[in-house]
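The block underneath contains the structure these notes are about, expressed in structure tokens.
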Amino acid sequence: MKEVAGATWDTDDDSNGFSANDCYLDSETKGVLFQWSSTGPEISDGANYIKHVAAALVDAGYSTTTRTTTLERYGTSRQAVGRGDVVSAVSVASNEKAVIASVETICVPGSPEDSPDR
């Protein structure tokens, strides 16, 4: 996602939103899922950027959908979402205020306490 030309991403570690969270592999077995997010400033051609993000996700083997939504507070939001086997969701959204990327894995064996910081 970050390699698709057009967006400038925040490189401050504190703003990148990494977390490891509890989840359940089945009704009794706890696991961990990882989430990460980053933001960047608005870009001039969000529609074209999201088109390229969607193509990059397809090229990487993700099942990909796109959508456009008008939000009163943020204007037009364009989003590409990719779904995969280990990474359950990759989402990139662009609106008149920012570009936001987020990634979430599937629930895997482990514990958030045992997870690396990054």
**Complete:** Relative to the chain, whose Cα atoms define the longest principal axis, helix 46-59 and its Cα axis are tilted in degrees, nearest 10, by 40 degrees
**Request:** Give the label of the value calculated from the structure for mean projected area of the Cα convex hull in nm², choosing from (1) 8.2; (2) 7.4; (3) 6.8.
**Result:** (1)
**Asked** Amide H to amide H under 5 Å from G110: which residues, 5+ apart in sequence or cross-chain, H placed 1.01 Å off N in plane?
**Response** V32
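With +1 on each Lys and Arg Cβ and -1 on each Asp and Glu Cβ, how big is the dipole of the chain about its Cα centre, in debye rounded to the nearest 20?
On the way: 9 positive and 18 negative charges, 123 e Å.
For the chain, the charge dipole is close to 600 debye.
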**Request:** Using 0.36 nm per residue of separation minus the Cα-Cα distance, give me the extension gain between S19 and V86 in nm, one decimal.
**Result:** 22.5 nm
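Taking the Cβ of C107 as the center, what net charge do the other residues with Cβ under 14 Å away carry, scoring Lys and Arg +1 and Asp and Glu -1?
That sum, taken over residues with Cβ under 14 Å, equals -4.
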**Request:** Please name which of A98, G75, S19 has its Cα lying farthest along the dipole of the chain towards the positive end, using unit charges on Cβ (Lys, Arg +1; Asp, Glu -1) and the Cα centre as origin.
**Result:** G75
**Asked** What full-extension length gain, to one decimal in nm, is calculated for S37 and T66 as 0.36 nm per residue of separation minus the Cα-Cα distance?
**Response** 8.6 nm
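Each reported figure results from applying straightforward, stated rules to the coordinates on display, with no laboratory input. No experiment lies behind these values; they were computed from the predicted model shown. Backbone-built Cβ (ideal geometry, glycine too); neighbour counts: all protein chains shown.
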